[in-house]
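*Asks:* This is the structure I have questions about; it appears just below.
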Amino acid sequence: MLTFPRPSTVPRHHRLARLAALPALTAIALGMVHAPVASAQPAAVWAVSTTIDVGTTPTQFAFSPDATRLYVTAGDGFDVIDTATNTAIDTVSVPTVGGIAVTPDGTIYVLGIDGTVSVIDPVTYATIASVDVGTNTLGMTASGDAVYVTNHGNETVEVIDTTTNTVDATVPVGQNPIQATALDGTVYVTNAGSGTVSAIDAATNTVIATISVGGVPIGVTSAAGRVYVVEGVSQSVAVIDATSNTVVETIPVGGGSLTGIAATADGSTVLVNQSDTDTVAIIDTDDPAARQSVTVGARPGGAIAAPDNTTAYITNGAAASISVLTTADAGCTGIACIPTGSFGG
(Lines give C-alpha, C1' and ligand atoms only; values in the text may rest on other atoms or scores of the structure.)
Protein backbone atom coordinates (compact mmCIF):
# COMPACT_ATOMS: atom_id res chain seq x y z
CA MET A 1 0.00 0.00 0.00
CA LEU A 2 1.13 3.52 -0.70
CA THR A 3 1.98 5.72 2.23
CA PHE A 4 1.45 9.47 2.05
CA PRO A 5 3.51 11.17 4.77
CA ARG A 6 2.14 14.19 6.58
CA PRO A 7 3.83 17.53 5.86
CA SER A 8 6.51 18.21 8.43
CA THR A 9 7.39 21.85 7.86
CA VAL A 10 4.64 23.20 10.09
CA PRO A 11 3.68 21.56 13.40
CA ARG A 12 0.34 19.76 13.06
CA HIS A 13 -1.10 21.45 16.12
CA HIS A 14 -0.54 24.83 14.46
CA ARG A 15 -2.42 23.76 11.37
CA LEU A 16 -5.19 22.38 13.55
CA ALA A 17 -5.76 25.82 15.00
CA ARG A 18 -7.62 26.55 11.77
CA LEU A 19 -10.20 23.93 12.74
CA ALA A 20 -11.67 26.13 15.48
CA ALA A 21 -15.21 25.58 14.26
CA LEU A 22 -15.21 21.94 15.37
CA PRO A 23 -14.43 22.44 19.08
CA ALA A 24 -16.62 25.53 19.11
CA LEU A 25 -19.62 23.53 17.97
CA THR A 26 -18.85 20.69 20.33
CA ALA A 27 -18.58 23.16 23.20
CA ILE A 28 -22.30 23.90 22.87
CA ALA A 29 -22.92 20.62 24.63
CA LEU A 30 -20.82 21.37 27.68
CA GLY A 31 -23.73 23.03 29.59
CA MET A 32 -24.55 21.10 32.74
CA VAL A 33 -22.20 18.61 34.37
CA HIS A 34 -23.98 15.77 36.11
CA ALA A 35 -22.57 13.07 38.38
CA PRO A 36 -22.40 9.63 36.77
CA VAL A 37 -25.47 7.47 37.26
CA ALA A 38 -24.82 4.73 39.81
CA SER A 39 -26.03 1.33 38.63
CA ALA A 40 -25.34 -2.37 38.23
CA GLN A 41 -22.89 -3.82 35.73
CA PRO A 42 -24.15 -4.63 32.22
CA ALA A 43 -24.36 -8.24 31.10
CA ALA A 44 -21.23 -7.93 28.95
CA VAL A 45 -18.09 -6.55 30.59
CA TRP A 46 -15.89 -4.33 28.42
CA ALA A 47 -12.23 -3.36 28.84
CA VAL A 48 -9.47 -1.60 26.92
CA SER A 49 -7.53 -4.34 25.14
CA THR A 50 -4.97 -2.13 23.37
CA THR A 51 -4.15 1.45 22.42
CA ILE A 52 -3.19 2.54 18.90
CA ASP A 53 -1.06 5.62 18.28
CA VAL A 54 -2.41 7.78 15.45
CA GLY A 55 -2.12 11.36 14.19
CA THR A 56 -2.83 14.55 16.11
CA THR A 57 -6.39 15.17 17.33
CA PRO A 58 -8.17 12.08 15.96
CA THR A 59 -11.90 12.68 15.55
CA GLN A 60 -14.16 10.55 13.36
CA PHE A 61 -14.25 6.97 12.07
CA ALA A 62 -15.45 4.87 9.15
CA PHE A 63 -15.04 1.16 8.37
CA SER A 64 -14.26 -0.38 5.01
CA PRO A 65 -17.20 -2.49 3.74
CA ASP A 66 -15.58 -5.72 4.94
CA ALA A 67 -14.43 -4.09 8.22
CA THR A 68 -10.82 -5.18 7.66
CA ARG A 69 -9.80 -1.52 7.64
CA LEU A 70 -10.80 1.29 9.96
CA TYR A 71 -10.20 4.89 8.86
CA VAL A 72 -9.81 7.68 11.41
CA THR A 73 -9.43 11.37 10.59
CA ALA A 74 -6.50 12.92 12.40
CA GLY A 75 -5.28 16.45 11.77
CA ASP A 76 -4.11 16.83 8.18
CA GLY A 77 -5.13 13.39 7.01
CA PHE A 78 -6.51 10.04 8.02
CA ASP A 79 -4.86 6.94 9.40
CA VAL A 80 -5.61 3.41 8.25
CA ILE A 81 -6.01 0.74 10.93
CA ASP A 82 -5.68 -2.98 10.21
CA THR A 83 -8.48 -4.38 12.38
CA ALA A 84 -6.99 -7.89 12.43
CA THR A 85 -3.91 -6.64 14.27
CA ASN A 86 -5.23 -3.28 15.52
CA THR A 87 -2.20 -1.44 14.22
CA ALA A 88 -1.87 1.72 12.11
CA ILE A 89 -0.54 0.68 8.71
CA ASP A 90 -0.89 3.81 6.55
CA THR A 91 -1.33 7.56 6.72
CA VAL A 92 -3.01 9.55 3.94
CA SER A 93 -2.52 13.32 3.70
CA VAL A 94 -5.80 15.20 3.16
CA PRO A 95 -6.68 18.61 4.67
CA THR A 96 -9.38 17.10 6.90
CA VAL A 97 -11.75 18.82 9.27
CA GLY A 98 -13.11 15.57 10.65
CA GLY A 99 -15.87 14.04 8.54
CA ILE A 100 -15.32 10.71 6.80
CA ALA A 101 -17.60 8.18 5.08
CA VAL A 102 -17.18 5.01 3.02
CA THR A 103 -19.51 3.88 0.23
CA PRO A 104 -20.52 0.24 -0.38
CA ASP A 105 -17.80 -0.16 -3.03
CA GLY A 106 -15.15 0.97 -0.53
CA THR A 107 -14.49 4.47 -1.87
CA ILE A 108 -13.47 6.87 0.91
CA TYR A 109 -14.94 10.39 1.20
CA VAL A 110 -13.10 12.82 3.48
CA LEU A 111 -14.25 16.33 4.37
CA GLY A 112 -11.61 19.03 3.97
CA ILE A 113 -11.04 22.32 5.77
CA ASP A 114 -11.18 24.11 2.41
CA GLY A 115 -14.83 23.16 1.90
CA THR A 116 -14.21 20.23 -0.40
CA VAL A 117 -14.71 16.51 -0.07
CA SER A 118 -11.76 14.45 -1.29
CA VAL A 119 -12.70 11.18 -2.96
CA ILE A 120 -10.05 8.56 -2.19
CA ASP A 121 -9.32 5.29 -3.96
CA PRO A 122 -9.25 2.57 -1.23
CA VAL A 123 -6.42 0.64 -2.91
CA THR A 124 -3.95 3.34 -3.92
CA TYR A 125 -5.19 6.08 -1.51
CA ALA A 126 -4.93 8.51 -4.42
CA THR A 127 -7.41 11.37 -4.65
CA ILE A 128 -9.62 10.60 -7.66
CA ALA A 129 -12.08 13.50 -7.38
CA SER A 130 -12.86 16.62 -5.35
CA VAL A 131 -16.37 17.88 -4.57
CA ASP A 132 -17.12 21.42 -3.41
CA VAL A 133 -19.58 21.37 -0.47
CA GLY A 134 -18.84 24.65 1.37
CA THR A 135 -16.64 25.60 4.31
CA ASN A 136 -19.25 25.26 7.07
CA THR A 137 -19.59 21.50 6.66
CA LEU A 138 -18.79 19.07 9.45
CA GLY A 139 -20.39 15.59 9.58
CA MET A 140 -20.77 12.87 6.95
CA THR A 141 -22.50 9.57 6.34
CA ALA A 142 -23.08 7.32 3.34
CA SER A 143 -26.36 5.74 2.24
CA GLY A 144 -26.62 3.74 -0.95
CA ASP A 145 -25.07 5.66 -3.84
CA ALA A 146 -24.94 8.98 -2.00
CA VAL A 147 -22.90 10.72 0.68
CA TYR A 148 -24.60 13.20 3.00
CA VAL A 149 -22.66 16.18 4.40
CA THR A 150 -24.04 18.44 7.14
CA ASN A 151 -23.68 22.19 6.59
CA HIS A 152 -24.21 24.16 9.79
CA GLY A 153 -23.64 27.43 7.97
CA ASN A 154 -26.73 27.31 5.77
CA GLU A 155 -28.75 24.72 7.75
CA THR A 156 -28.74 22.13 5.01
CA VAL A 157 -27.42 18.72 4.10
CA GLU A 158 -25.45 18.51 0.87
CA VAL A 159 -26.04 15.26 -1.03
CA ILE A 160 -23.18 13.95 -3.17
CA ASP A 161 -24.08 11.58 -6.02
CA THR A 162 -21.21 9.08 -5.85
CA THR A 163 -21.65 8.01 -9.48
CA THR A 164 -20.83 11.52 -10.72
CA ASN A 165 -19.14 12.95 -7.61
CA THR A 166 -21.23 16.10 -7.77
CA VAL A 167 -23.71 17.67 -5.34
CA ASP A 168 -27.09 16.78 -6.82
CA ALA A 169 -29.37 17.86 -3.94
CA THR A 170 -29.44 20.27 -1.02
CA VAL A 171 -31.85 19.35 1.77
CA PRO A 172 -33.00 22.02 4.28
CA VAL A 173 -32.90 20.76 7.88
CA GLY A 174 -32.80 22.42 11.32
CA GLN A 175 -30.40 24.93 12.84
CA ASN A 176 -26.72 23.96 13.15
CA PRO A 177 -26.81 20.42 11.73
CA ILE A 178 -23.82 18.60 13.18
CA GLN A 179 -23.66 14.82 12.67
CA ALA A 180 -25.48 12.21 10.60
CA THR A 181 -26.12 8.47 10.54
CA ALA A 182 -27.82 6.23 7.98
CA LEU A 183 -30.22 3.39 8.80
CA ASP A 184 -32.27 1.34 6.33
CA GLY A 185 -32.54 4.05 3.70
CA THR A 186 -33.09 6.95 6.07
CA VAL A 187 -30.48 9.54 7.06
CA TYR A 188 -30.78 11.07 10.54
CA VAL A 189 -29.20 14.48 11.20
CA THR A 190 -28.75 16.16 14.59
CA ASN A 191 -29.72 19.83 14.62
CA ALA A 192 -27.83 21.31 17.59
CA GLY A 193 -29.52 24.71 17.33
CA SER A 194 -33.07 23.38 17.05
CA GLY A 195 -33.11 20.54 19.56
CA THR A 196 -34.31 18.23 16.79
CA VAL A 197 -33.29 15.37 14.53
CA SER A 198 -34.20 15.48 10.83
CA ALA A 199 -35.05 12.18 9.13
CA ILE A 200 -34.26 12.28 5.41
CA ASP A 201 -35.60 9.70 2.96
CA ALA A 202 -32.49 8.74 0.98
CA ALA A 203 -34.59 7.71 -2.03
CA THR A 204 -36.18 11.16 -2.48
CA ASN A 205 -33.78 13.36 -0.46
CA THR A 206 -36.69 14.93 1.41
CA VAL A 207 -37.25 15.35 5.14
CA ILE A 208 -39.94 12.88 6.20
CA ALA A 209 -39.88 13.64 9.93
CA THR A 210 -38.55 16.24 12.36
CA ILE A 211 -38.09 14.62 15.75
CA SER A 212 -37.88 16.75 18.89
CA VAL A 213 -35.24 15.58 21.36
CA GLY A 214 -34.72 18.88 23.19
CA GLY A 215 -31.53 20.54 24.38
CA VAL A 216 -28.48 20.34 22.13
CA PRO A 217 -28.29 17.10 20.12
CA ILE A 218 -24.76 16.43 18.82
CA GLY A 219 -23.55 12.85 18.35
CA VAL A 220 -25.72 10.23 16.69
CA THR A 221 -25.52 6.54 15.79
CA SER A 222 -27.94 3.83 14.73
CA ALA A 223 -28.39 0.07 14.90
CA ALA A 224 -31.10 -2.59 14.96
CA GLY A 225 -34.00 -0.27 14.24
CA ARG A 226 -33.00 2.40 16.75
CA VAL A 227 -31.30 5.79 16.47
CA TYR A 228 -29.32 6.99 19.49
CA VAL A 229 -28.77 10.72 19.97
CA VAL A 230 -26.43 12.41 22.47
CA GLU A 231 -28.19 15.40 24.08
CA GLY A 232 -25.61 17.74 25.56
CA VAL A 233 -27.65 19.77 28.06
CA SER A 234 -29.37 17.01 30.02
CA GLN A 235 -26.37 14.69 29.52
CA SER A 236 -28.61 11.94 28.19
CA VAL A 237 -29.23 9.75 25.15
CA ALA A 238 -32.54 9.99 23.28
CA VAL A 239 -33.64 6.69 21.70
CA ILE A 240 -35.63 7.01 18.47
CA ASP A 241 -37.71 4.16 17.02
CA ALA A 242 -36.82 4.24 13.31
CA THR A 243 -40.19 2.76 12.33
CA SER A 244 -42.30 5.49 13.89
CA ASN A 245 -39.58 8.18 14.03
CA THR A 246 -40.53 8.99 17.61
CA VAL A 247 -38.52 9.16 20.83
CA VAL A 248 -39.35 6.02 22.80
CA GLU A 249 -36.85 6.38 25.65
CA THR A 250 -34.42 8.82 27.23
CA ILE A 251 -31.39 7.32 29.00
CA PRO A 252 -29.66 9.55 31.58
CA VAL A 253 -25.88 9.25 31.37
CA GLY A 254 -24.19 12.12 33.25
CA GLY A 255 -20.47 12.15 33.85
CA GLY A 256 -19.64 15.48 32.26
CA SER A 257 -19.56 16.47 28.59
CA LEU A 258 -20.86 13.74 26.31
CA THR A 259 -19.33 13.53 22.84
CA GLY A 260 -19.22 10.51 20.54
CA ILE A 261 -21.63 7.58 20.63
CA ALA A 262 -21.60 4.09 19.14
CA ALA A 263 -23.95 1.11 19.19
CA THR A 264 -23.17 -2.54 18.55
CA ALA A 265 -24.75 -3.92 15.39
CA ASP A 266 -27.17 -6.10 17.35
CA GLY A 267 -28.32 -3.08 19.36
CA SER A 268 -27.47 -4.69 22.68
CA THR A 269 -24.92 -2.11 23.81
CA VAL A 270 -24.48 1.65 23.50
CA LEU A 271 -21.14 3.32 24.24
CA VAL A 272 -21.09 7.02 25.14
CA ASN A 273 -17.91 9.08 25.50
CA GLN A 274 -17.65 11.22 28.65
CA SER A 275 -14.98 13.70 27.60
CA ASP A 276 -14.49 15.53 30.91
CA THR A 277 -13.68 12.34 32.82
CA ASP A 278 -11.83 10.45 30.04
CA THR A 279 -14.27 7.58 30.32
CA VAL A 280 -16.79 5.67 28.22
CA ALA A 281 -20.19 4.73 29.63
CA ILE A 282 -21.21 1.24 28.49
CA ILE A 283 -25.00 0.88 28.54
CA ASP A 284 -26.99 -2.36 28.24
CA THR A 285 -30.00 -1.43 26.09
CA ASP A 286 -32.11 -4.24 27.55
CA ASP A 287 -31.51 -2.78 31.01
CA PRO A 288 -30.33 0.85 30.63
CA ALA A 289 -29.76 1.16 34.37
CA ALA A 290 -27.08 -1.52 34.03
CA ARG A 291 -23.87 0.10 32.94
CA GLN A 292 -20.12 0.18 33.22
CA SER A 293 -17.53 2.96 33.09
CA VAL A 294 -14.26 2.31 31.23
CA THR A 295 -11.29 4.68 31.43
CA VAL A 296 -9.74 5.53 28.06
CA GLY A 297 -7.33 8.21 26.83
CA ALA A 298 -7.52 11.98 27.22
CA ARG A 299 -10.60 13.70 25.76
CA PRO A 300 -12.45 10.85 24.06
CA GLY A 301 -14.36 12.16 21.05
CA GLY A 302 -15.33 9.78 18.25
CA ALA A 303 -16.70 6.27 18.71
CA ILE A 304 -17.53 3.34 16.46
CA ALA A 305 -18.47 -0.30 17.06
CA ALA A 306 -17.24 -3.15 14.88
CA PRO A 307 -19.77 -5.48 13.21
CA ASP A 308 -18.71 -8.35 15.48
CA ASN A 309 -20.62 -6.83 18.45
CA THR A 310 -17.59 -7.35 20.71
CA THR A 311 -15.18 -4.57 19.67
CA ALA A 312 -15.38 -0.78 19.72
CA TYR A 313 -12.94 2.02 18.97
CA ILE A 314 -12.66 5.41 20.72
CA THR A 315 -10.63 8.42 19.55
CA ASN A 316 -8.62 10.10 22.31
CA GLY A 317 -8.42 13.64 20.97
CA ALA A 318 -5.81 14.98 23.38
CA ALA A 319 -3.71 11.81 23.38
CA ALA A 320 -3.30 11.17 19.62
CA SER A 321 -4.47 7.62 20.10
CA ILE A 322 -7.35 5.17 19.78
CA SER A 323 -8.55 2.97 22.63
CA VAL A 324 -9.74 -0.46 21.51
CA LEU A 325 -12.50 -1.81 23.73
CA THR A 326 -13.50 -5.47 23.73
CA THR A 327 -15.89 -7.56 25.77
CA ALA A 328 -14.52 -10.18 28.14
CA ASP A 329 -15.94 -12.92 25.93
CA ALA A 330 -14.61 -11.47 22.66
CA GLY A 331 -12.91 -14.02 20.44
CA CYS A 332 -9.11 -13.99 20.41
CA THR A 333 -7.21 -13.81 17.10
CA GLY A 334 -3.59 -13.86 16.03
CA ILE A 335 -0.58 -16.00 16.89
CA ALA A 336 -0.62 -14.97 20.56
CA CYS A 337 -4.06 -16.57 20.88
CA ILE A 338 -3.14 -20.08 19.68
CA PRO A 339 -3.82 -22.50 22.57
CA THR A 340 -0.72 -23.91 24.28
CA GLY A 341 -0.04 -27.54 25.22
CA SER A 342 0.39 -30.72 23.21
CA PHE A 343 -0.85 -30.29 19.64
CA GLY A 344 -2.49 -26.99 20.56
CA GLY A 345 -4.84 -28.65 23.04
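*Asks:* Got a sec? Which of VAL272, VAL294 is β-branched (Val, Ile, Thr) and crowded, with 21+ Cβ neighbours inside 10 Å? Talk me through it step by step, then tell me what you get.
*Replies:* Details: VAL294 fails: crowded, with 21+ Cβ neighbours inside 10 Å.
Only one candidate qualifies: VAL272.
*Asks:* Right, next: Applying the selection to region 127-141, what residues are in contact with a strand residue (DSSP E or B) (Cβ under 7 Å, 6 or more places away or on another chain) and either in a loop (DSSP other than H, G, I, E, B) or crowded, with 23+ Cβ neighbours inside 10 Å (or both)? Reasoning before the result, please.
*Replies:* Initially, region 127-141 is screened for residues in contact with a strand residue (DSSP E or B) (Cβ under 7 Å, 6 or more places away or on another chain), giving 127-134, 136-141.
Scanning region 127-141 gives VAL133, GLY134, ASN136, THR137, LEU138, GLY139, MET140, THR141.
*Asks:* Quick one: would you say ILE81 is modelled with pLDDT of 95 or more and over 30 Å from ASN191 (Cα atoms)? Before the answer, list the steps.
*Replies:* Values: modelled with pLDDT of 95 or more: yes; over 30 Å from ASN191 (Cα atoms): yes.
For ILE81, the condition - modelled with pLDDT of 95 or more and over 30 Å from ASN191 (Cα atoms) - is met.
*Asks:* Which residues, taken from region 230-267, are polar (S, T, N, Q), modelled with pLDDT under 95 and surrounded by fewer than 23 Cβ atoms within 10 Å (Cβ to Cβ)?
*Replies:* The answer is SER234, SER257.
*Asks:* All but one of (1) modelled with pLDDT of 95 or more; (2) surrounded by 17 or more Cβ atoms within 10 Å (Cβ to Cβ) hold for ALA67, so report the exception by its number.
*Replies:* Checking ALA67 against (1) modelled with pLDDT of 95 or more; (2) surrounded by 17 or more Cβ atoms within 10 Å (Cβ to Cβ), the one that fails is (2).
*Asks:* Residue check, PHE63 against (1) touching a residue at least 40 places away in the same chain (Cβ under 8 Å); (2) under 24 Å from THR135 (Cβ atoms); (3) among the aromatic types (Phe, Trp, Tyr), all met but one. Which one?
*Replies:* All conditions pass for PHE63, except number (2).
*Asks:* Restricting attention to region 186-205, does a residue exist that is touching a helix residue (DSSP H, G or I) at 6+ places or on another chain (Cβ under 6 Å) and either touching a residue at least 24 places away in the same chain (Cβ under 8 Å) or buried (at least 19 other Cβ atoms within 10 Å of the Cβ) (or both)?
*Replies:* Taking region 186-205 first, the residues touching a helix residue (DSSP H, G or I) at 6+ places or on another chain (Cβ under 6 Å) are 192.
So of that shortlist, the ones also either touching a residue at least 24 places away in the same chain (Cβ under 8 Å) or buried (at least 19 other Cβ atoms within 10 Å of the Cβ) (or both) come out as 192.
Yes, that holds for at least one residue.
*Asks:* Related question: Across region 57-71, what is the number of residues that are closer than 12 Å to ILE304 by Cβ and either touching a His at 6+ places or on another chain (Cβ under 8 Å) or in a strand (DSSP E or B) (or both)?
*Replies:* 8
The values are calculated or read from the model by the stated rules, or taken from the named source; none is laboratory data. Predicted, not measured: the structure shown is a model, and the values here were computed from it. Note that each Cβ is placed from the backbone with ideal geometry, even for glycine, and that neighbours are counted across all protein chains shown.
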